[in-house]
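Beneath this line is the structure, given in structure tokens, with notes to follow.
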Amino acid sequence: MIGRKAAASLLLPIVFVSLLALLFAPIVHASGDPFSAPSPGPGIIVIQGNWQFHLGDDLGWSSPTFNDSGWEQLRADTTWGAQTHPGYTGFAWYRKEIHLTGRPTTVAVLIPPVEDAYEVFWNGQKIGECGKLPPHGWRWYTPRGVVYPLGTAPLDGVLALRVWEVPLTSTDVNEIGGFLGAPLIGSPAVLTQRAAFNQMRHEDLMLPRFVLSGALFITGLIALLLFLRERRDFLYLWLALFLIANGLTCFQGLNPEYYGLKSYQADWATAAVSALQDISLWLLLLTLFGLHKEKLWRRWTIALAAIYLIAMVTDMVILRFWDDAGSAMQCGNAIASAFVAFLPVYLLFIVAFAWRRGVRRALLPIALASTIYGIYNIAVAVSAQGIRFTHFTFARYLNPGISLGPYVFGIPAILNTLFFLVLLFTVARHQAIERRRQNHIESEIKSAREIQHVLIPEEAPVIPGFLIASVYKPASEVGGDFFQVIPMLDFSGEPGALIILGDVSGKGLTAAMTVSLIVGTLRTLADFTDDPGEILRGLNQRLLGRTQGGFTTCVAIRIEATGRTVIANAGHLSPFCAGREIMLGGSLPLGLSGDADYESVTIDLEPDETLTVFTDGVLEARNSKGVLYGFDRLSSLMRAQPSVQQVVDAACSFGQDDDITVLSVKRIADPELHNAKLDFVAQIAAG
């Protein structure tokens, strides 16, 4: 049996040792797999071995004295989702005890890409971050990695990473989160070069994509310039938008940090480019297949484009506040993403309808190419929907590649190239056909204009006792206005004139052909009657069923040497006499009803008084704000008894919007003084 003195002597050392252990315990690094190596000097080495890992968040875990021996261990060459925590999002910590020995040298660490954002600590001190942790978190994906200085070797401490993984969307896989590669340690200069090399290597592998995207972008700019030159041809605009959108996709492979874009800003840019790409392709194919002319297709396209944009904007707004995404936000994201993924199927409906209707031989290549292109892209987008829950790996097999040296050409690159070439060929051929058609139309317009020159007199017959002036200014190449001045003799043999002025609804060749029909009929009727009402009734019967749904307004005037003037009106503007409007009864335009009757009104044109008639192009002149010239302005102008040229100039300076014709007849007080000579002014001005 041990005595009390002996027991006391044994107990004192034990208590002393225990107190020392308790005193120095906090400074003991309790790391399960420390990394020890000689200082790499001017080189670099990989930080090998497992890292201590723990889910959750506590800033105290950055302390080098924290005991992490109870944490689990994970590799750093792959994500935590691919190891023991699939689908985990939120905060987690990595810790690694590092010992570097050897001669003094400056040391830094290269942190490779980490999902999604992180802060890095060395011996409890924050030395940097990539992205931003919540609240209001965002991230950068940096393929080059980031270099952080640690100090001077020999080193002895703990490197800790506080990592935040954003909540998963419906298109994310579960195998994400944390390290994507093992960190490196060593010379700051070499590590910086290594990071730059990583980025350069990443961009070098994307070189074929950059070349193709550059070609697409430049071609799109050329198409846009062509549209700006010929703004009526929207095919160039849709082609330009589609090519520019495809060209911009190359920037998605670059580091958003280069542009100062945060993750959500880069997401918005990507979404905008994707929307522009899809919708412009719809419009491009609708135009190529001629479906854009049909109201039903236009309505469907507008409706689906609106739904597409609303779904995409909704998804982007949800992702902007994704830090604390609950079940409601995740459900909204899944629904919005599904709409964005499935709506491009509309492309296949366009092509299928065009196939069913019968695609012209020239459009067969683009129909086939767009079908393959659309099916592939839709399959890729749809296969990614809900992959977080279904765990289907089908999408991984949709992008096999062809290796040429260091470059790999995937299916998207091959399809984009083929589709680009077929698209350019189709548009070029389509434009060649349209150009030939346009040349043919221009030839017909030229012929119609030559006919119109014949139909609208440039010289008038001599009608003693009258001074006649006119100005005709069409709004386009071929207008619908017309007038004729036909010499007449009254019962006593005195000279007079039959004047007809009118306006055919519409413009172009159809209006020109109607004018030719009217002038021919008018010349025939004038051989049998000089009564204005009878002439309008004859014209009306002739035009019934021959105006393709259009109509013609017309005023017929017979002026005798005595000044007696008979006027009949068919829906036309009333003439002005001596600056005052002549009140005529209402009547239907020509070509609308076989029962229409046209009553005549008789007035006396006094010596030196002027009778002025015009078409509605004067009243319908429209300024830049859309305001019409109107009757009040016209009445005020006519009270000053202007010349025909002044009337036309007033309307044109206000803003010509339609054909303008003005004709005036002045009765000469002393015909002998004027040698009974007609002063006829006719001007035909290009629109």
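FYI, it's all coordinate maths here, none of it is from the lab. What you see is a predicted model, and the numbers here were worked out from it, not measured in a lab. Here the Cβ is made from the backbone with ideal geometry for all residues, glycine too, and neighbour counts use every protein chain on show.
Within a straight-line Cα-Cα reach of under 18 Å, Lys473 can be paired with the following aspartates and glutamates, leaving aside sequence neighbours fewer than 8 residues apart in one chain: Glu450, Glu458, Glu459, Asp481, Asp503, Asp616, Glu620, Asp649, Asp657, Asp658, Asp659. The residues packed around Arg580, meaning those with a beta-carbon under 13 Å from its beta-carbon, carry a net charge of -2 if Lys and Arg are +1 and Asp and Glu are -1. Looking at the square roots a ≥ b ≥ c of the eigenvalues of the Cα gyration tensor of the stretch 576-637, which shape do they give, rounded for a/c under 1.5, prolate if a/b is larger than b/c, or oblate? Here the stretch 576-637 falls in the oblate category.
When +1 charges are put on Lys and Arg Cβ atoms and -1 charges on Asp and Glu Cβ atoms, the dipole computed for the stretch 152-231 relative to its Cα centre reaches about 360 debye. Computed from backbone phi with θ = phi - 60° and the Karplus coefficients 6.51, -1.76 and 1.60, the 3J(HN,Hα) list for the stretch 512-526 is 5, 5, 5, 4, 4, 5, 5, 5, x, 5, 4, 4, 5, 5, 5 Hz; x is used for glycine and proline. Taking the Cα centre of each part, how many Å lie between the stretch 44-61 and the stretch 262-312? When both Cα centres are located, 46 Å separates them.
Volume of the convex hull of the stretch 177-247 (Cα atoms only), normalised per residue: 124 Å³. Close amide H pairs (under 5 Å, H built 1.01 Å from N) link Leu150 with Val107, Ala108, Val109, residues at least 5 positions away or on another chain. How would the stretch 24-117 be classified by its alpha-carbon gyration tensor: rounded, prolate or oblate, with rounded meaning a/c under 1.5 and the a/b versus b/c comparison settling the rest? It comes out oblate by the Cα gyration axes. Centroid-to-centroid, using Cα positions, the stretch 570-640 and the stretch 130-197 are 82 Å apart. Within the stretch 316-369, the proportion of C-alpha pairs whose separation exceeds 18 Å stands at 54%. For the stretch 257-358, a/c is not less than 1.5, where a ≥ b ≥ c are the root eigenvalues of the C-alpha gyration tensor, and a/b tops b/c. That puts it in the prolate class.
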